[in-house]
Every structure is written in structure tokens, then in C-alpha cells.
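Below: the structure, in C-alpha cells.
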Amino acid sequence: MDASLAFLHTRGVPEMKLNGYEWQRWVASGGTHESWEPKLTPPSLDGAPIAALHAGEIRRVAQVNAEADSNVILVLRTDDGHYSALIDSRASDEDPRRVRRDWLSADSLYELYIKIGLTMQIPQHCYDPELGSYFPQWSRFLQ
């Protein structure tokens, strides 16, 4: 188990991908969230390089993998001034039609980027450069 955990740890596997007994072993042997992977702090609100969105405007911020039918993450500014993250995906494994589903929401685009980054943990196949610094596991990709 320890050799398996060491392999996963050195390869940059996010802790959220560990199963329960792997995480329990990591903690039992003295590991912590911080020792698994030091997290980057997202940019400050004042230093956040995020282009504004107008009401009703949609921006593509990530594509999960290279497949043509990959899930795509979009952000939208609603008419009431709030922000939503949508997942554009196949309707089902059997139905290739594209559908958009509500995923996350926030009062600001900055807050929404933080939520997206924390949920995804690592950079995706393709992502908007503005979103890059919000992935907490980003340090693995800077080396």
C-alpha cells in the first residue's frame, strides 16, 4: 500500500482521486492534505485577470479531454447579474445530442472560477488561461 501511495503521490494524482482506504493509510502514516500536495492560493480578487462577461454572454473555459464529444465547461452571466457554470455534454451514452446542464453558481465570476478550480483540482485537456491559476493542484504542472 505504501509503495502504491508513493507512486500516486510522485505522479501528481490529486488526493480526490484516492479511494477511502488509500486516504486512510496516508493519514495513518502521518500524511495530511498539505503534505499530499501543497495547494496554490488563487489570485487575489484585485489581481484576478478575468475579462468581464455581459448579461447573457457565455464563455468556454474548459474541455475535459481530447475526444470530439468531450464535456465542455461554460460560464454564463445571467440576466440578474449572477454567474453559472454549465456542463455541455452528450445527453447520454446512447444519445449524442448535446445538452447543457447547470453545474455551479456564484455571485461573481471570481467566486465561480474558484469553485470550478476546487472541483476539478487539476488543469483539464484544454482550458482558458484565465482559469489556469485557480486549479489548486496547478503546482504539479509548473515543474
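One table, with the values for the structure above:
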item	result
Unmet criterion (only one of (1) touching a residue at least 24 places away in the same chain (Cβ under 8 Å); (2) within 23 Å of residue 132 (Cβ to Cβ); (3) of a type outside the set (A, V, I, L, M)) for residue 100	(2)
Segments classed as helices (runs of 4 or more DSSP H), wholly inside segment 1-87, with at least 1 members that are under 27 Å from residue 105 (Cα atoms)	33-36
Hits in segment 72-95 - residues which are surrounded by 10 or more Cβ atoms within 10 Å (Cβ to Cβ) and at pLDDT below 95	78
Any hit, segment 75-91, residues being assigned by TED's automatic domain parsing to the domain that holds residue 133, of a type outside the set (Phe, Trp, Tyr) and closer than 18 Å to residue 132 by Cβ	yes
Residue 37 being at pLDDT below 85, of a type outside the set (Ser, Thr, Tyr), surrounded by 10 or more Cβ atoms within 10 Å (Cβ to Cβ) and touching a helix residue (DSSP H, G or I) at 6+ places or on another chain (Cβ under 8 Å)	yes
Residue in segment 40-47 that is at pLDDT below 95, loosely packed, with under 13 Cβ neighbours inside 10 Å and touching a helix residue (DSSP H, G or I) at 6+ places or on another chain (Cβ under 9 Å) present	yes
Some residue of segment 119-139 being in a helix (DSSP H, G or I), of a type in the set (A, V, I, L, M, F, W, C), in contact (Cβ under 8 Å) with a residue 12 or more places away in the chain and buried (at least 18 other Cβ atoms within 10 Å of the Cβ)	yes
Residues satisfying the stated conditions in segment 47-96, i.e. among the hydroxyl-bearing types (Ser, Thr, Tyr) and closer than 22 Å to residue 121 by Cα	70, 83, 84, 89
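The values are calculated or read from the model by the stated rules, or taken from the named source; none is laboratory data. What you see is a predicted model, and the numbers here were worked out from it, not measured in a lab. So basically every Cβ, Gly included, is an ideal-geometry build from the backbone, and we count neighbours across all protein chains shown.
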